[in-house]
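Visitor: Structure provided below as C-alpha cells; questions to follow.
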Amino acid sequence: MSEHVSDSVEWQALQGYAEKFSAVHLRELFDADPRRGELLTAEVGDLYVDYSKNLVTDEVMTALFALAERARLRERIAAMFAGEHINSTEDRAVLHTALRLPRDASLVVDGQDVVADVHAVLDRMAAFSERVRSGQWVGHTGQRIRTVVNIGIGGSDLGPVMAYEALKAYKDPQIECRFVSNIDPTDLWQKTHDLDPASTLFIVVSKTFTTQETLTNARQARDWLLAGLGGDQAAVAKHFVAVSTNAQRVADFGIDTQNMFGFWDWVGGRYSLPSAVGLSVMVAVGPEHFRALLDGYHTVDEHFRTAPLEQNVPVLLGLLNVWYDSFLGAQSHAVLPYAQYLHRFAAYLQQLTMESNGKSVRLDGTEVEYQTGEIFWGEPGTNGQHAFYQLIHQGTKLIPADFIGFSQPNHDLGEMHDLFMSNFLAQTGALAFGRTAEQVRAEGVPEALVPHKVMRGNHPTTTILGRELTPAALGQLIALYEHIVFTQGTIWEINPFDQWGVELGKVMANQLAPKLTAPEAPPATDDSSTNALIARYRAQRGR
Ligand code: F6P
C-alpha cells in the first residue's frame with residue numbers, strides 16, 4: 001500500500017509548525033512585513049481575495065504547497081476535468097465542470113460527447129423558460145404561469161433557492177418562485193395555500209426520482225392541483241415538469257417525459273445547480289442571465305485547472321482550511337456574506353462542504369487519524385454581528401471566517417452601502433488585531449474592566465471582495481467553494497462525491513413509517529427509546 005499523505009514528511013513538517021504556532025500573532029506578522037496585506041492576495045474573475053489575515057507565515061504556505069504536491073493535487077484536478085472515474089465508490093466520473101463548458105469546447109467521456117449533451121439540454125431549458133416568461137406556455141385553463149413551485153430536497157433544492165434569492169435583482173417581476181423541500185406538510189401548505197392552481201407550475205426536481213420527501217410532496221401537489229382544476233388528469237401535463245436522470249420513474253409518476261429535463265449520473269446532487277436542476281432559476285432570471293452564471297463558474301474552473309498552485313485561489317483557500325482543520329484543530333468555519341441576497345448561501349454551502357467532506361475513511365478504505373470536514377455555518381452581516389460574532393471575538397474557539405462583500409450594491413440608497421461595507425472592513429481588522437490591555441487602559445477604562453475589554457485578536461479571516469453580485473460573480477463564488485472542497489478532499493484522500501452516510505436514516509424512516517400509522521399497536525423496535533417515543537406519538541395522534 002502506498003504511503004498516505006498524512007505519513008509524509010510534508011505532513012510532519014506542518015505538524016511541527018502547528019506546535020509552535022500559538023506564539024505567532026497577526027499583529028507581529030503585519031508589523032514584520034508592511035506589505036503583507038498587498039502580497040497575500042490573489043484574484044480570480046471579479047473576485048479579489050485577501051488571505052493576509054490568516055495564521056500563516058511564508059514557511060507554512062510553502063509547506064502547504066509541498067503537501068499539495070505530495071497529495072498529487074494537480075493530477076487529481078486533471079483527472080476530474082478529464083472525466084476519469086474519480087468517484088470510485090460509485091464508479092462515476094465527476095463532471096460538474098462540463099456543465100459550464102462553452103458550446104465550442106469538446107469533451108468525450110465514456111464514448112459520449114458531453115458538451116453536445118449539455119448544450120442540447122440547456123437549449124431546451126431556454127426554450128421552455130422563454131415560453132413560460134412570455135406567457136406562451138399556458139396552464140390547463142389558458143392562464144399564464146405566475147408562480148413556479150420547485151419541489152426537491154438537498155441538492156435539488158438548496159442550489160436553486162440560494163441562486164434564486166441571490167439573483168433577485170435580475171428576476172422577472174411577473175413570476176415568483178417558491179421552493180418546497182421539507183416533508184413536513186406545513187412546507188407544502190405554506191407555499192401553496194394562497195396560490196391559484198390555474199397559474200401555478202410545479203417543477204419536480206430529483207436526480208434519482210426516488211426521494212421520499214420529494215415524491216410525497218409532488219403527489220400531494222398533484223392532488224391539490226387536480227382538486228383545484230376540476231379533476232381532469234390532462235391538467236398535469238400543463239402544470240408539472242420534471243428534472244431528473246431517471247426517465248422511467250418520471251413516466252411512472254405520470255409526468256410526460258416530453259416535459260422532462262435530463263442530466264447525468266456524473267453530476268452530484270450538491271453540484272447540480274448549473275444543470276437542469278437550475279431550471280426554476282432560469283425561468284426567473286432568463287436564459288441570458290443563467291448563461292452568464294455558467295460563464296462565471298467556467299472562469300473559476302479554468303483558473304482552477306490551469307493556474308499555478310501558488311496563485312490558484314481555490315487551492316490556496318482549500319489548503320488554509322486543511323491547515324486550520326487538521327493541524328490547528330479548528331472545528332468550524334464561518335461564512336459571512338455582506339450581501340442580503342446571499343442569505344441562503346451558508347445553507348447551500350453546508351450541503352456542498354459537509355456532505356462532501358464529512359468522511360472519515362480514505363479512498364483506500366482505511367480510517368483517517370486526523371480531522372476532516374469542518375462545520376460550515378454563517379449568516380449575512382451585519383445581522384451576525386449582533387448575534388454570534390461575540391463568540392468569535394472573545395470566545396475560546398478557533399473559527400476561521402470568510403467575509404464576502406461587493407463594492408457595488410444591487411440597490412444603491414444614499415450612503416447606506418458605504419456604511420454597510422465599513423462594518424465588513426472593520427470586523428476583519430478587529431478580529432485580526434484586537435485591542436491590547438495598554439490600548440484599553442489608555443482609554444481610561446477602570447482596571448477591573450480591562451481584562452473584559454481586551455480583545456486578544458489573532459482570529460483568522462479571508463476577505464473575498466467582488467465588484468457586484470451579478471450572475472457571473474455568483475457563478476464564480478460557487479465554483480470557488482466547489483473547488484476548495486475538492487482541494488481539501490484530495491489532501492485528506494477521501495471521496496467528496498459520495499454520501500453513503502445519509503442512506504441509513506432514509507432506510508430507517510421508511511421502516512418506521514408503518515408503525516406510526518398502523519391501526520393496532522405495532523411490534524416493538526430494537527430500542528426502548530424509539531418504542532416509548534412511538535407510543536407517545538401514536539397516543540397524541542389518537543391511535
Ligand atoms: O441528502 C442525500 C441526497 O442524496 C443528496 O445528495 C441529494 O442532493 C438529495 O438527497 C436529493 O436527491 P434527489 O435529487 O435524488 O432527490
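The values are calculated or read from the model by the stated rules, or taken from the named source; none is laboratory data. Everything numeric here is computed off the predicted structure, so don't read it as measured data. No Cβ is skipped: glycine too gets one built from the backbone with ideal geometry, and neighbour counts run over all protein chains shown.
Visitor: If you take just the helices (runs of 4 or more DSSP H) that sit entirely in region 471-543, which of them hold at least 1 residues that are closer than 27 Å to residue 160 by Cα?
Guide: 471-492, 501-517
Visitor: Quick check on region 182-197. Is at least one of its residues within 13 Å of the ligand (Cβ to nearest atom), in contact with a helix residue (DSSP H, G or I) (Cβ under 7 Å, 6 or more places away or on another chain) and of a type in the set (A, V, I, L, M)?
Guide: Yes - at least one qualifying residue is present in region 182-197.
Visitor: Answer yes or no as to whether residue 461 is at pLDDT 95 or above, within 30 Å of residue 38 (Cβ to Cβ) and buried (at least 18 other Cβ atoms within 10 Å of the Cβ).
Guide: yes
Visitor: Continuing with the same structure: If the Cβ limit is 6 Å and pairs must be 6+ apart or interchain, which residue in region 201-226 that is touching a residue at least 60 places away in the same chain (Cβ under 8 Å) and closer than 12 Å to residue 152 by Cα pairs with which residue that is more than 9 Å from the ligand (Cβ to nearest atom) and assigned to a helix (DSSP H, G or I)?
Guide: Hits for this filter: 203/279; 203/280; 217/188.
Visitor: Does residue 280 satisfy the criteria of being out of contact with any His (no Cβ under 6 Å at 6 or more places or on another chain) and either aromatic (Phe, Trp, Tyr) or closer than 16 Å to residue 96 by Cα (or both)?
Guide: No: the conditions fail for residue 280.
Visitor: Read through the list (1) surrounded by 19 or more Cβ atoms within 10 Å (Cβ to Cβ); (2) free of Cβ contacts under 8 Å to residues at least 12 places away in the same chain, then give the number of the only condition that residue 443 fails.
Guide: Of the numbered conditions (1) surrounded by 19 or more Cβ atoms within 10 Å (Cβ to Cβ); (2) free of Cβ contacts under 8 Å to residues at least 12 places away in the same chain, the odd one out for residue 443 is (1).
Visitor: What number of residues within region 198-208 satisfy the criterion of being within 7 Å of the ligand (Cβ to nearest atom) and more than 16 Å from residue 282 (Cβ to Cβ)?
Guide: The total comes to 3.
Visitor: Here is a follow-up. If you scan region 367-418, which residues turn out to be within 20 Å of residue 49 (Cβ to Cβ) and assigned to a loop (DSSP other than H, G, I, E, B)?
Guide: If the condition is that a residue be within 20 Å of residue 49 (Cβ to Cβ) and assigned to a loop (DSSP other than H, G, I, E, B), then 374, 378, 380, 381, 399, 400 are the ones that fit.
Visitor: Right, something else. Which residues, counting only those in region 192-210, are out of contact with any Ser or Thr (no Cβ under 6 Å at 6 or more places or on another chain), within 23 Å of residue 125 (Cβ to Cβ) and buried (at least 20 other Cβ atoms within 10 Å of the Cβ)?
Guide: 201, 202, 204, listed by residue number.
Visitor: Could you check residue 164 against (1) more than 13 Å from the ligand (Cβ to nearest atom); (2) closer than 24 Å to residue 257 by Cβ; (3) buried (at least 20 other Cβ atoms within 10 Å of the Cβ) and say which number it fails?
Guide: Condition (2) is where residue 164 drops out.
Visitor: Find the helices (runs of 4 or more DSSP H) located wholly in region 217-336 whose residues include 2 or more that are within 16 Å of the ligand (Cβ to nearest atom) and buried (at least 19 other Cβ atoms within 10 Å of the Cβ), and list them.
Guide: 247-253, 279-285
Visitor: Additional query: For residue 437, state whether it is in contact with a helix residue (DSSP H, G or I) (Cβ under 7 Å, 6 or more places away or on another chain) and in the same structural domain as residue 320 (by the TED database).
Guide: no
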